[in-house]
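Q: Mind having a look at this structure? Questions to follow.
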Amino acid sequence: MSAPVEKGLSPWQDAWHRLSRNKAAMLGLWFLVAIVLVCFIGPLMPFVKSPTVINLDNPGADPCAEHWFGTDQLGRDLFARVLYGGQVSLLVGIVATGVAVLIGLIYGSVSGYLGGKLDDLMMRIVDILFALPFLVLVILFSLVVDKPASEFTEWVIKTTGWSRDKVAPITTLMPLFIAIGSIGWLTIARIVRAQVMTFKHQEFVEAARSLGLGHGRILFRHILPNVIGPVIVYTTLAVPGIMLLESVLSFLGLGVRPPNSSWGILIKEGADRMETNTWLLLFPALFFSSTLLALNFLGDGLRDALDPRSSKD
Amino acid sequence: MTRRALFLLPALLCLAGCQRETQVEKANREGILIFGNSNEPKGLDPQVVTGVLESNILRALFEGLVSDHPSDDAAIVPGGAQTLEPDATATVWTARLRPNAKWSDGTPVTARDYAFSYERILTPEFGAKYAEMLYFLKGADRFNKGETKDFSTVGVEVIDDLTLRLTLRGPTPYFPQVLKHYTWNPVPRHVVLKHGTMTQKGNPWSKLGKIVSNGPYQLKSWRRNDHLEVERNPHYWGAADVTLNGVRFLPITNSYTEARMFRDGQLHTTYTAPPEIVDLMLKENPKVLRQEPYVGTLFIRCNTTRKPLDDARVRRALSLSFNQQEICDKILRGYKPAYGMTPPMAGYDTPHAVTFNPEEARRLMTEAGFPADAKGKRPDFPRLKYLLASRETAATTAQAIQAMWRKELGIEVEIENKEWTAYLAAMQELDYDLAGSGWIGDFLDPLTFLEMWSDGNGNNLTGWSNPKFEELLKQSHQEADPAKRYAILREAETIMTAEAPVLLTAWYARNYLLDPSVEGWYPLLLDNHPFDSIRLRTK
């Protein structure tokens, strides 16, 4: 009789194990799942009203049975606007951050690992991009990108045959993703580079090198998993900033177009009117801040869970 | 412990004491008016800037031949000129300047300064956006359009240091009204030439530390995006009668923030009051809320060089299918539905051009080749872009109009926000479909609302022109009799509004907040309040 072979746990299973025992992180995770479901599935429900239908006879109404969160300055249902706005904000938070992290991770690790003249050159490029005033760049960018973006929308409609109401809110966000993604990766690239440099002369890397592994394998298999922790922490902290940036950029004409909305825009509109109609600020802000809090809990838990140095039990 | 507490005590007392006096109370003691001015001025050169917010500052710094009256828009107050006399036909005007008028550096103001300024603004290379304001002068348009290089062909004549003779294109009995506009202000020739050439773009003479002015005030400090402050000009001829010591202009873009600052006692007056604040103040403190008529028109420019907006029927359909009354009552508060381009003005009967008539609008749309399908949508009608400058209340109105067009005509427009500079650039290059705009009268005459639509005018920006309209405007310039002149202008306006190069939205009202300590501030149609006669009550 042979004893059953004890299967080793992969690092990811191991991480999940640790994460699932962290109550706060799991709470954050389930809350995020719930928010995503509410924002993306919720609007399909028949009782959710249209977020764009105006009723000038009932502006600024208090919450009631018909309008759960009340109505805004044009008499639109705030509950529906918060849900639809959430779609945009979550999408921006995930996609734009994802783009930024991906670019930053690759750029920073290559720069840090290879070092020397190339490292100098790559970091000076980052310095130059950092020095450019962001908002001015964005305004210039919005002038240039306007036509291609609407042509892209037309193209998508023509090739897929989907209705414009479904396509346009997403495709008009493309310039926004590019704008945020193209600037947001700078800090991540610096963090990753610094991390990679501290690891690249440690014993386990030397060991991998002496085994004859290639650069790619050493970098992505042995060094990057160690770098993931700080990157995840930075990412969870960056998402709130990026979601807020979206509202600034939308105000400058890059991104969400009225009557569509996002949490950032709803909060901005609500903050303007907080003396007269508190609900307009309260509800979007509640959704926004609890999502960010959940993200932070989750990020904190992920950092602990993904740290290969944390004790294995 | 005890020592720290003792140290804290005076600090706390001071804090409590300081909090008791608001900024406004402190300013009242110092005799300084704190003025919410909406945005950072683009500059202080009277011949370059074009905005209302810049004009507020220029009114404190500069003085033209005539000045504004604190309570009567129509009254003429002698300014830089002691007397201003027309000839029998009101075509040639002779101004005798004050011998004691001085620039803030002590140099006398002479007729040469005025002539220099008029030549400067009219020189085509200088590219002044507001040069059309001086087309009242004989030959000014030819000189400004580069048809002649000889400034002596323009009706400006320096008789001697203190006498200026202006010859106009035709009889203009209301000319003193026009002269109140800041484009007619003199600039200091000696200072402009010291820092550059006459027509140099971006000549730095009007920067802090260099600028010299002839009005009741001179520039004291200017920190970008923080404040701009003016103080008494000791060389001003009427300095003894100036009651207010200075004005501090604050560039607060967000009107809700501005209202919040006012309620905290940080401002004497706000630039505007958004609808929610109007409602709130009516309940809370009605005596600080001012709702006054204002000569201005809110409209949407149409780019008439683009399809389908080149068709007057389409433009009219758009114009007839949104409910102005509802927008005024429920969003803009106090504004009036605009049935014509020119807002109500004494003696002028604005022709009725626009009413809410969705039935007629649908008919016009179908006639123009955009029939409705079974669901009431118009699938052939292209998706127009509706350009906006990023401002809060503009977006609210635009979304209401967008929804009304969807409901009444079955068409979709896309609202596009742009930052102010990008918005202006798009309009100047005719790179837009529809653009939310407004116009505030420069002087009390229908001409200020009509002349801008003439061909090639720097403020037209719609690509629209009409030879009959041009002809009538020209005719009005030669008409001396006010009643006949208004009849001609009325005909011109009828032609213009029938073709609807702009979709009229509303006539402005001025909603703003004013602190009760401000005295000598009266409702004015043009909203040009002279600062020098304002008093601040301290308790």
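Q: Would you check which residues across the stretch A:50-67 are away from chain B (no Cβ under 14 Å), touching a strand residue (DSSP E or B) at 6+ places or on another chain (Cβ under 9 Å) and surrounded by 15 or more Cβ atoms within 10 Å (Cβ to Cβ) and list them?
A: Correct list: A:His67 only.
Q: Of (1) of a type in the set (A, V, I, L, M, F, W, C); (2) touching a strand residue (DSSP E or B) at 6+ places or on another chain (Cβ under 8 Å); (3) closer than 24 Å to B:Arg378 by Cβ; (4) free of Cβ contacts under 8 Å to residues at least 60 places away in the same chain, B:Ala403 satisfies all except one. Which?
A: Exception for B:Ala403: condition (2).
Q: Residues B:Thr505, B:Thr538: which one is crowded, with 21+ Cβ neighbours inside 10 Å and either of a type in the set (Val, Ile, Thr) or in a helix (DSSP H, G or I) (or both)?
A: Criteria check complete, one pass: B:Thr505.
To keep it simple, each residue is scored yes or no on (1) on the phi < 0 side of the Ramachandran plot; (2) modelled with pLDDT under 95; (3) touching a Gly at 6+ places or on another chain (Cβ under 7 Å).
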residue: B:Leu166; (1), (2), (3): yes, no, yes
residue: B:Arg169; (1), (2), (3): yes, yes, no
residue: B:Leu219; (1), (2), (3): yes, no, no
residue: B:Asn225; (1), (2), (3): no, yes, no
residue: B:Leu228; (1), (2), (3): yes, no, no
residue: B:Pro251; (1), (2), (3): yes, yes, no
residue: B:Thr257; (1), (2), (3): yes, yes, no
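Q: While we're here: Between B:Glu414, B:Glu499, B:Glu470, B:Glu419, which is acidic (Asp, Glu), without any contact (Cβ under 8 Å) to a residue 40 or more places away in the chain, away from chain A (no Cβ under 14 Å) and surrounded by fewer than 22 Cβ atoms within 10 Å (Cβ to Cβ)?
A: Only one candidate passes the filter, namely B:Glu470.
Q: Output yes when any residue across the stretch B:437-460 is under 26 Å from B:Lys336 (Cβ atoms) and over 23 Å from the mean Cα position of the chain (by Cα), and no when none is.
A: no
Q: So which residues in the stretch B:466-500 are hydroxyl-bearing (Ser, Thr, Tyr) and either under 23 Å from the mean Cα position of the chain (by Cα) or at pLDDT below 95 (or both), if there are any at all?
A: B:Ser476, B:Tyr486, B:Thr497
Q: Would you point out which residue out of B:Ala425, B:Ala389, B:Ala435, B:Ala394 is more than 9 Å from chain A (Cβ to nearest Cβ) and surrounded by fewer than 18 Cβ atoms within 10 Å (Cβ to Cβ)?
A: B:Ala394
Q: All but one of (1) closer than 21 Å to A:Arg76 by Cα; (2) surrounded by 17 or more Cβ atoms within 10 Å (Cβ to Cβ) hold for B:Lys407, so report the exception by its number.
A: (2)
Conditions (1) within 22 Å of the chain's Cα centre (by Cα); (2) surrounded by 22 or more Cβ atoms within 10 Å (Cβ to Cβ); (3) farther than 14 Å from B:Asp45 by Cα, marked per residue:
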| residue | (1), (2), (3) |
| --- | --- |
| B:Leu122 | yes, yes, yes |
| B:Phe126 | yes, no, no |
| B:Lys129 | yes, no, no |
| B:Lys149 | no, no, yes |
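Q: Sticking with this one: Tell me, please, whether a residue that is away from chain A (no Cβ under 14 Å) and of a type in the set (Lys, Arg) can be found in the stretch B:260-267.
A: no
Q: For the stretch B:67-89, give me the residue count where each residue is in contact with a Ser or Thr (Cβ under 6 Å, 6 or more places away or on another chain) and part of a loop (DSSP other than H, G, I, E, B).
A: So the answer is 2.
Q: Still on this structure, I have one more. When residues of the stretch A:137-160 are filtered for being closer than 25 Å to B:Trp420 by Cβ and at pLDDT 80 or above, how many remain?
A: Residues meeting the conditions: 1.
The rows are residues; the columns are (1) of a type outside the set (D, E, K, R); (2) outside any loop (DSSP other than H, G, I, E, B).
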position: B:Thr94; (1), (2): yes, yes
position: B:Pro99; (1), (2): yes, no
position: B:Phe116; (1), (2): yes, yes
position: B:Glu119; (1), (2): no, yes
position: B:Glu132; (1), (2): no, yes
position: B:Pro186; (1), (2): yes, no
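Q: For the list (1) more than 14 Å from chain B (Cβ to nearest Cβ); (2) surrounded by fewer than 19 Cβ atoms within 10 Å (Cβ to Cβ); (3) of a type in the set (Val, Ile, Thr), I need the number of the one condition that A:Thr276 fails.
A: Unmet condition: (1).
Q: (1) without any contact (Cβ under 8 Å) to a residue 60 or more places away in the chain; (2) not in a helix (DSSP H, G or I): which one isn't true of B:Tyr271, the others all being true?
A: (1)
Q: Kindly indicate the residue of the stretch B:368-386 that is out of contact with any helix residue (DSSP H, G or I) (no Cβ under 6 Å at 6 or more places or on another chain) and among the aliphatic types (A, V, I, L, M) and also nearest to the other protein chains (Cβ to nearest Cβ) among those meeting that condition.
A: Ranking the candidates gives B:Leu384 first.
The values are calculated or read from the model by the stated rules, or taken from the named source; none is laboratory data. Not measured: the values here are computed from a predicted model. With ideal geometry, Cβ positions are generated from the backbone for all residues, glycine too; neighbour counts draw on all protein chains shown.
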